[in-house]
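Student: Sending over a structure as structure tokens; questions will come in a sec.
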Amino acid sequence: MLQQFTQEIKNLFLTMAREMHTAIPGHIESFDADTCEADVLPYGMFRKPDGSLLAYPKLTGVPVYFMQGTGQGATFVFPVKPGDECLLIFCEQTLDTWLTKAESQTDLSFDLSNAIALVGLFARANPLVKVAVDRDAVIIDRGGTRITMLPSNQLEIIGNTSIVGTLTVSSNAHIRGNMQVDGTVRSPEVISSTIDVNTHVHWTDETQQRVTGKPRG
């Protein structure tokens, strides 16, 4: 009798545990950038109370996590595409109160409808991880356009770079290639090869008389 009671309690807890979802990998089926929500299909199967296996249903309207702060004034965002993999976490309570700021009458703990997607978890390794570890670097890459931050106060940028705003350089600049300026270049001193452009004058070849004065500022 006691053994049967113990087994019944065990079965009850097993049934409750099967209905409690924690976290599972999934992949994005569609993403709405305006609402920052996705339709996600979890990987794997779940076991029904009768022991049979059933594929997870597609989860709709899943909030997608991005790194944000300062009231969304500081963000790190990237495109989310169908097929991207993610980690689904299932919250202790319904998300209705958080999403709508309204009181919710729903009491669903760790339910499939309480999912949040953390995009970036992939089954396959990214070769850039090894590069970052080997170089002890932080790497931001988009199809070969790359920013690499090294611990030696060094920043490497691969790709065409557009800067909107003022660029201030507080050290030397070394340019390998041509430079085109659509505007005015101002400097207290300009050296071309070994010639000081600010004080340079021209002389005649024969009499060595000066034929031009210094440039006027």
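The values are calculated or read from the model by the stated rules, or taken from the named source; none is laboratory data. Predicted model, so just to flag it, every value in this text is computed and none were measured. Cβ sites come from the backbone with ideal geometry, for glycine too, and all protein chains shown count toward neighbours.
Student: Looking only at the stretch 34-55, how many residues end up being in a loop (DSSP other than H, G, I, E, B), out of contact with any Ser or Thr (no Cβ under 8 Å at 6 or more places or on another chain) and more than 25 Å from residue 79 (Cβ to Cβ)?
Tutor: The total comes to 5.
Student: I need a count of the residues in the stretch 42-71 that are closer than 23 Å to residue 94 by Cα and polar (S, T, N, Q).
Tutor: 2
Student: Determine, yes or no, whether residue 191 is at pLDDT below 80 and surrounded by 10 or more Cβ atoms within 10 Å (Cβ to Cβ).
Tutor: Spelling it out, residue 191 is indeed at pLDDT below 80 and surrounded by 10 or more Cβ atoms within 10 Å (Cβ to Cβ).
Student: Right, here's the next one. What number of residues within the stretch 181-193 satisfy the criterion of being aliphatic (A, V, I, L, M) and not in a loop (DSSP other than H, G, I, E, B)?
Tutor: 1
Student: What strands (runs of 3 or more DSSP E) completely inside the stretch 83-180 contain at least 1 residues that are at pLDDT below 95, surrounded by 11 or more Cβ atoms within 10 Å (Cβ to Cβ) and in contact with a helix residue (DSSP H, G or I) (Cβ under 6 Å, 6 or more places away or on another chain)?
Tutor: Here the list reads 85-90.
Student: Can you confirm whether residue 57 is modelled with pLDDT of 90 or more and out of contact with any Phe, Trp or Tyr (no Cβ under 8 Å at 6 or more places or on another chain)?
Tutor: yes
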